[in-house]
Amino acid sequence: MDQRLEELIGKSSSIVFFGGAGVSTESGIPDFRSVDGLYNQEWKYPPEQIISHSFFERDPEEFYRFYRAKLLPGDAKPNAAHLRLAKLEAQGKLRAVITQNIDGLHQAAGSKNVLELHGSTLRNYCTRCGKFYPAAFIAQSQGVPRCGCGGIVKPDVVLYEEPLDQQVMQRAVRALQQADLLIVGGTSLAVYPAAGLLRYYGGRELVVINKTPTPADSMATLLIQAPIGQVLGE
């Protein structure tokens, strides 16, 4: 356990956590950009192309083939990082989790105020009538999943070329403006506009926990280059 990190957590009363794919890798969900991440696996098209809005419109069959194989969290369970963050929220210290992940593991761990910048695989809606479907419906369907009305059932996930939800963004900005400690973890801070949210943080203490360097390292009060579950969970 990092003593300096525990001291910073101890004296803070309004913590915000900002995380990415690295938070879920210890739960067995591959990230996108590391050596063994999704972007470096063989597929007929580059993953960035497959999970774009235009590709979804053009070839929904291939989109869902990739989506079922690579983006549904399956039976992944929250790890030590998810559980510690939920505990900090229950203690009244953590105000919000801002996540780029779409796997729902923060909620599964017990976190209540989770701001999902890129949506969630757990919510799926008919593009025609708006009817809700759980993740299991997509997982168990064949080809392009369709609603009883005939519309395509689309995951509530922000694809490339699609705008982020402005209400979620506004809530994230407010949380960052009111925070006295920001912990950034498991993210390379390479995806915009999500990564750009950090500029709204007005507090003094910044902790960065990531296995590889990030653009925020030079501003960090504390920099820890290690797996986040190991750091938060010890």
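The values are calculated or read from the model by the stated rules, or taken from the named source; none is laboratory data. Worth saying up front: this structure is predicted, and the values here are computed from it rather than measured. Positions of Cβ are generated from backbone atoms using ideal geometry, with glycine treated the same way; all protein chains shown enter the neighbour counts. Calculation scope for accessible area: heavy atoms of the full protein, side chains included, ligands and nucleic acids excluded. Shrake-Rupley method; radii C 1.70, N 1.55, O 1.52, S 1.80 Å.
Would you point out the residue of segment 22-65, among those that are of a type in the set (Phe, Trp, Tyr) and at pLDDT below 90, that is surrounded by the most Cβ atoms within 10 Å (Cβ to Cβ)?
Narrowing segment 22-65 to residues of a type in the set (Phe, Trp, Tyr): 32, 39, 43, 45, 55-56, 63-64.
Remaining after also requiring at pLDDT below 90: 32, 39, 43, 45.
Numbers: Phe32: 18, Tyr39: 14, Trp43: 15, Tyr45: 14.
For segment 22-65, the residue satisfying everything is Phe32.
Would you check which residues across segment 116-135 are within 9 Å of the chain's Cα centre (by Cα) and on the phi < 0 side of the Ramachandran plot and list them? It would help to see each step written out before you state the result.
Step one: list which residues in segment 116-135 are within 9 Å of the chain's Cα centre (by Cα), which gives 116-120.
Once the filter is applied, which keeps residues that are within 9 Å of the chain's Cα centre (by Cα) and on the phi < 0 side of the Ramachandran plot, segment 116-135 yields Glu116, Leu117, His118, Ser120.
Would you confirm, using the coordinates I've provided, whether Gly150 is within 30 Å of Asp59 (Cβ to Cβ) and without any contact (Cβ under 8 Å) to a residue 40 or more places away in the chain? Give the steps one after another, and end with the answer.
Numbers: within 30 Å of Asp59 (Cβ to Cβ): yes; without any contact (Cβ under 8 Å) to a residue 40 or more places away in the chain: yes.
The answer is yes for Gly150.
For residues that are more than 30 Å from Gly130 (Cβ to Cβ), open to solvent by less than 50 Å² (accessible area, probe 1.4 Å) and part of a helix (DSSP H, G or I), tally how many sit in segment 165-201.
The total comes to 4.
Inside segment 207-220, can you point out the residues that are open to solvent by less than 50 Å² (accessible area, probe 1.4 Å) and more than 19 Å from the chain's Cα centre (by Cα)? Spell out the reasoning first.
Residues of segment 207-220 open to solvent by less than 50 Å² (accessible area, probe 1.4 Å): 207-210, 214, 216-217, 220.
Matches in segment 207-220: Asp217, Ala220.
When you scan segment 185-197, do you find a residue that is over 16 Å from the mean Cα position of the chain (by Cα) and over 20 Å from Leu71 (Cα atoms), even just one? Don't jump to the end; show me each part of the working.
Step one: list which residues in segment 185-197 are over 16 Å from the mean Cα position of the chain (by Cα), which gives none.
Looking for residues that are over 16 Å from the mean Cα position of the chain (by Cα) and over 20 Å from Leu71 (Cα atoms), one finds none in segment 185-197, hence no.
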